[in-house]
Amino acid sequence: MKEFCLITYLIFGVLLPLACEPHSEGTTGNGQPPPELQIALGGLTVTRPVDLQHAGDGTDRVFVVSQPGIIYVTPTTASVPSARTFLDISSRVLDGGEQGLLGLAFHPQYSTNGFFFVNYTAANPRRTIVSRFRVSPTNPDSADASTELRIVEFNQPYANHNGGQITFGPDGFLYIATGDGGSGGDPQNNAQNMRVLLGKILRIDVDATTGGRNYAIPITNPFYLNDSSYAEEIFAYGLRNPWRISFDSMTGRLWAADVGQDAWEEVDIIESGMNYGWRVTEGMHCFNPSSNCSLAGLTLPVWEYRHSSSDGCSITGGYVYRGSGSPSLQAKYIFGDYCSGRLWALTYDGINPASAEILLDTRLAISSFGVDKNGELYICSHVDGKIYSMTSRP
């Protein structure tokens with residue numbers, strides 16, 4: 001049975017026990033000992049880390065996003081904390097609860113154009129902004145905050161369910177995960193409303209402009225030039241609060257972890273034009289209506305788990321592992337739960353039903369995952385502010 005320190009922390013709408021220390025037990029499904037977590041990046045501590053990315057520029061650096069509005073850069077080989085402030089836009093960010101600086105993505109040609117993109121919440125009115133910035137031409141560890149170009153903006157009716165992950169796909173387009181706008185139960189039915197950008201996965205072309213926008217709509221988007229006034233940016237819909245999305249670097253498959261309402265957390269494979277059910281369904285189960293709902297036209301998750309004291313209550317999506325340090329995890333989707341700190345490895349080949357094994361009970365408030373240039377996995381711990389790496393045990 002877990003023992004927790006008598007400290008609580010309110011985030012993502014959940015009152016959490018603050019963990020005393022990471023803990024592991026058992027073995028993986030293949031009989032090998034579970035991986036172990038180690039404090040990484042020289043023990044760097046960041047205020048509420050929510051994302052970790054590498055720039056794809058061949059360096060050994062990673063960039064850690066702090067929810068209040070600061071991005072730090074540090075070498076992965078650091079033996080002591082040595083992070084520098086890469087970008088500070090805290091004065092522009094509405095921080096608190098599920099709001100803040102929530103996502104970072106580097107342009108596929110970052111090495112030559114210096115462009116990167118962020119997703120943050122702003123005030124007056126409360127809204128999500130996806131902006132482009134440029135790195136300093138003279139200092140690779142510093143960005144120029146004056147170069148902001150706002151790409152996409154849309155209002156947030158409530159303070160929760162902001163989504164926030166942004167990532168470039170193998171097609172070179174920018175994917176944006178948006179929550180349903182907040183409150184509880186999606187009272188405005190935004191996730192099923194095809195005329196709004198909330199509760200969706202969006203896909204845009206940031207290398208072109210059209211229609212007075214600082215982006216273009218890919219002609220392969222499922223609702224491109226539709227006759228129903230649907231938002232053409234929509235790639236997929238019917239999501240509640242997709243908290244972390246990622247592409248598998250080998251298969252190109254887009255994974256999303258969608259945070260549930262009261263009972264079920266889910267893992268989805270995102271495909272063009274698909275409806276993932278919210279608010280009709282929560283996971284594989286009827287939500288509105290609570291029974292006898294129609295599943296026609298809905299795409300169900302590949303995995304779900306029920307809220308419980310052991311499994312948790314708020315899923316955090318991760319990555320399909322493609323590194324070399326933990327061979328037993330190869331090709332498995334690693335994800336966790338913010339409430340419980342439990343860590344899973346999910347096996348799915350697109351043909352057979354998915355299966356998941358418990359890796360660790362970490363006791364961490366797992367807010368995000370990241371990978372470095374070698375595909376090695378990192379875990380962001382929201383409460384203690386530490387970044388952990390995962391390695392196989394001998």
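Derivation of every value follows stated rules applied to the coordinates shown; laboratory data play no part. Just so it is clear, the model here is predicted, and its values are computed rather than measured. Glycine gets a Cβ as well: all are built from the backbone with ideal geometry, and neighbour counts include every protein chain shown.
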Of the options Asn162, Tyr348, Ala122, report the single residue whose Cα projects farthest towards the positive end of the charge dipole of the chain (beta-carbon charges: Lys, Arg +1; Asp, Glu -1).
Ala122
For Tyr237, the net charge from surrounding residues (Cβ-Cβ under 13 Å; K, R +1; D, E -1) works out to -2
Alpha carbon convex hull of the range 65-129, projected area averaged over orientations, nm²
5.5 nm²
Segment Asn352-Arg150, length gained on full extension (0.36 nm per residue, minus Cα span):
68.5 nm
Past the 39 angstrom mark, what percentage of all C-alpha to C-alpha distances in the chain do you count?
11 percent
Two-site FRET efficiency, Ile39 against Lys373, from Cβ-Cβ distance with R₀ of 25 Å, rounded to 0.05
0.80
One quarter of the convex hull surface, Cα atoms only: what value does that give for the range 274-394 in nm²?
9.1 nm²
Mean shadow of the range 242-338, computed from the convex hull of its alpha carbons, in nm²?
6.9 nm²
Name the residue from Asn214, Gly297, Gly185 whose Cα lies farthest towards the positive end of the charge dipole of the chain, charges +1 on Cβ of Lys and Arg and -1 on Cβ of Asp and Glu.
Asn214
Starting from the Cα-Cα distance between Val80 and Tyr224, subtract it from 0.36 nm times their residue separation and give me the gain in nm to one decimal.
46.9 nm
Looking at the chain, how many pairs of lysines come closer than 28 Å at the Cα, when each pair is eight or more places apart or spans two chains?
6
Within the under-11-Å Cβ sphere about Asn190, not counting Asn190, Lys/Arg +1 and Asp/Glu -1 give a net charge of +2
Taking amide H positions as placed 1.01 Å from N in the peptide plane, with prolines and chain starts having none, which residues 5 or more places from Arg48, or on another chain, fall under 5 Å of its amide H?
Gly385
Rounded to the nearest 20 Debye, what is the dipole magnitude of the chain about its Cα centre when Lys and Arg each give +1 and Asp and Glu each give -1 at the C-beta?
500 debye
